[in-house]
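Engineer: Okay, here's the structure, questions in a sec.
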Amino acid sequence: MQKIPMIHKLTKALVIALIFLLPTLMATVASSVSTSYLLILIIGLFNYKKIAKNPLGQSEKLVLLGFLGVFVIYLMGMLNSNDIYKGFKVLGKFHYFLFAIPVYFILKKYKNILWKNLDISFIIAGLSLLLFLIINKNSDGAYHTIMYGSFAMLIAGANLLTYTLTDKNILMKSLLLASGVAAIAASLIVGARGSWVALPILAILLLILFVKRSNTRQRITVLIVLLVLAISSVIMTHPEKTSTRYNAAMQNLTQFIQDESAQEADFQLTSTGARLAFWKSSIETFKINPIFGSGSGDFKLELNQFIKNNPKYEALGVGVFGTAHSIYFEWLALFGGLGFIGLMTVVFLLPLQYFYREIKNNSQSLVPAIIGVWIVLSHLIFGLTETWIVRSTPNGVYVFYILLFMAFCHQPIKTNSRKPSS
């Protein structure tokens, strides 16, 4: 009989350790997200009868069933796919959505102790992201620069919103602020231009808080000053990763427009130009299959056909690229109008609605709900220029943190460690 309490203690310790370490490990240690999620899933399944006793609210059910719907939509997309092998391969990336329910229950079970300590974990993560780049010179050994930049921006937003909204001692305020600014610097230094577009979204959230909550104005003013100084410093010290890359993107855009205007001119392959060509290919595919799309996993086939039909794009190379580098254009091409609406609803709109409802109706859930809004909106932005949802790690990061901050919102949290500022 004495073994049972010990098992419970070990289970609790393992879950807390996995979640505490994940923000730091997710961008610096390969496969840490999938491994952590799998272990939490196994724990959730073994304890499912005990942890699933409390009924789910209607809004929780909508999000969780919607996440199941992601898997179903991709599975149904295979019915008209010309690339079944790739369809099955991509389908495996969506196990995070498929097994969301048991993971959510285990997160709810330990949410109080997790909430008390998660800010420390995010502080460590933000500082580690910048330190890793300084020591390693780049993101090699962790993940691709695009993912690294997105993770850094995600962590930055969570830290800076926590700094803005919660009452902390001077040390914790300083650490949250320093970690958030460090994470933004990491996103800039690594040169992930797609993640930079999320900065205006964070600025809009801070502006809303500045207007709505008078006691946050001094903090936000300090934050903005530090951000301007930090961003200016990074641009001056790393021009090849910041201003030069931005100017190159603008030049590539101009070049693409010129190539499109001159029908006889061949397409010149650039980073920005390639993405725009992918998007044009997606629109062409959508026009051919407007309702159901071309099917799961076969975007490479559609792109190859587009190149054959339009020889001026031969620079893209047949068989080289396999995604549209945009969630939205790829969904339109592969799943048509119906699939696009369905995926937008269940992946983004339902979680966003959940957090928005919590902001309006539950003042004690204000902080996790606003951070939850940031998670959804930032990933909406990341999806503009990168198909992150077909990659295991960023897919897992999104699902995991949506579930975690939903769990924090589920009931009033009995702790003053993150009391929101009024």
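Engineer: Tell me which aspartates and glutamates have Cα within less than 15 Å of LYS137's Cα, excluding those fewer than 8 residues away on the same chain?
Structural biologist: Within the straight-line limit of under 15 Å, LYS137 reaches these aspartates and glutamates: GLU240.
Engineer: Could you work out [θ]222 nm for the chain from helices alone, using -39500 (n - 2.57) per DSSP H run of at least four and dividing by all its residues? Round to the nearest 500 deg cm²/dmol.
Structural biologist: -24000 deg cm²/dmol
Engineer: Rounded to whole Hz and in sequence order, give me ³J(HN,Hα) for the range 11-18 from the Karplus expression 6.51 cos²θ - 1.76 cosθ + 1.60, θ = phi - 60°, writing x for Gly and Pro.
Structural biologist: Once rounded to whole Hz, the list reads 4, 4, 4, 5, 4, 4, 5, 4.
Engineer: Just for the Cα atoms in the range 227-270, what are the lengths along the principal axes, largest first, rounded to whole Å?
Structural biologist: For the range 227-270, the Cα extents along the three principal axes come out at 46, 15, 9 Å.
Engineer: Ok, one more. I want the local charge near ILE283. Using Cβ-Cβ distances under 15 Å, sum +1 for each Lys or Arg and -1 for each Asp or Glu among the other residues.
Structural biologist: Computed value for this residue: -1.
Engineer: Rounded to a whole number of µm²/s, how large is the Stokes-Einstein D of the range 1-159 at 10 °C and 1.306 mPa s, given Rh as the Kirkwood radius over C-alpha pairs?
Structural biologist: Reported coefficient: 89 µm²/s.
Engineer: What percent do you get for the relative contact order of the range 174-326 when only Cα pairs under 8 Å and 6+ apart count?
Structural biologist: 18 percent
Engineer: Taking the Kirkwood radius as the inverse of the mean 1/r across Cα pairs, report the Rg/Rh of the range 1-55.
Structural biologist: Ratio of gyration radius to Kirkwood radius for the range 1-55: 1.06.
Engineer: Evaluate E = 1/(1 + (r/R0)^6) for GLN258 and ASN117, where r is the Cβ-Cβ distance and R0 equals 41 Å; express this FRET efficiency to the nearest 0.05.
Structural biologist: With R0 = 41 Å, the Cβ-Cβ based efficiency is 0.15.
Engineer: Just grab the label-to-label distance for ASN309 and GLN268, each label 7 Å out from Cα along the Cβ direction, in nm (one decimal).
Structural biologist: If labels sit at ASN309 and GLN268, their model points lie 2.7 nm apart.
Engineer: Around THR166, which amide H atoms from residues at least 5 apart in sequence, or from another chain, sit under 5 Å from its own amide H, with H modelled in the peptide plane?
Structural biologist: It is SER421, by chain and number.
Engineer: What's the magnitude of the charge dipole for the range 239-324 around its Cα centre, counting Lys and Arg as +1 and Asp and Glu as -1 at the beta-carbon? Answer in Debye, nearest 20.
Structural biologist: Charge dipole of the range 239-324: 240 debye, to the nearest 20.
Engineer: Let me ask something else. Grab the other residues whose beta carbon is less than 14 angstrom from that of THR270, score K and R as +1, D and E as -1, and report the net.
Structural biologist: So the environment of THR270 carries a net charge of 0.
Engineer: Scan the chain and report its longest stretch carrying no GluC sites (Glu not before Pro) that are both in a DSSP loop and have at most 10 other Cβ atoms within 10 Å.
Structural biologist: Free of exposed loop sites, the longest segment is 1-239.
Engineer: Order these by the 10 Å Cβ neighbour count, fewest first: ILE101, ILE402.
Structural biologist: The fewest-first ordering by Cβ neighbours comes to ILE101, ILE402.
Engineer: What number of lysine-lysine pairs in the range 203-349 show an alpha-carbon separation below 28 angstrom, given a sequence spacing of 8 or more or placement on distinct chains?
Structural biologist: Total qualifying Lys-Lys pairs in the range 203-349 comes to 9.
Engineer: Okay, next question. Can you list which of the trypsin sites (Lys or Arg not before Pro) found in the range 1-97 are DSSP loop residues with at most 12 other C-beta atoms within 10 Å?
Structural biologist: Those satisfying the criteria are LYS53.
Engineer: Set the Förster radius R0 to 45 Å, insert the Cβ-Cβ distance between VAL211 and MET250 as r into 1/(1 + (r/R0)^6), and round the FRET efficiency to 0.05.
Structural biologist: Computed FRET efficiency for VAL211 and MET250: 0.90.
Engineer: If you take Cα extents along the principal axes in Å from the coordinates, which of [x] 73, 51, 39; [y] 143, 76, 30; [z] 138, 44, 29 do you get?
Structural biologist: [x]
Engineer: Along the Cα→Cβ direction, 7 angstrom out, place labels at THR221 and PHE46. What is the inter-label distance in nm?
Structural biologist: 5.4 nm
Engineer: Give the relative contact order (percent, whole number) for the chain; include only Cα pairs under 8 Å separated by 6+ residues.
Structural biologist: 23 percent
Engineer: Would you tally the net charge around GLY322, using a Cβ to Cβ cut-off of less than 15 Å, leaving GLY322 out, and scoring K and R as +1, D and E as -1?
Structural biologist: Counting the neighbours of GLY322, the net charge comes to +1.
None of the figures in this text is laboratory data; all of them are computed from the coordinates on show. As the structure is a prediction and not an experimental result, all values here were calculated from the model. We place every Cβ from the backbone using ideal geometry, glycine too, and count neighbours over all the protein chains shown.
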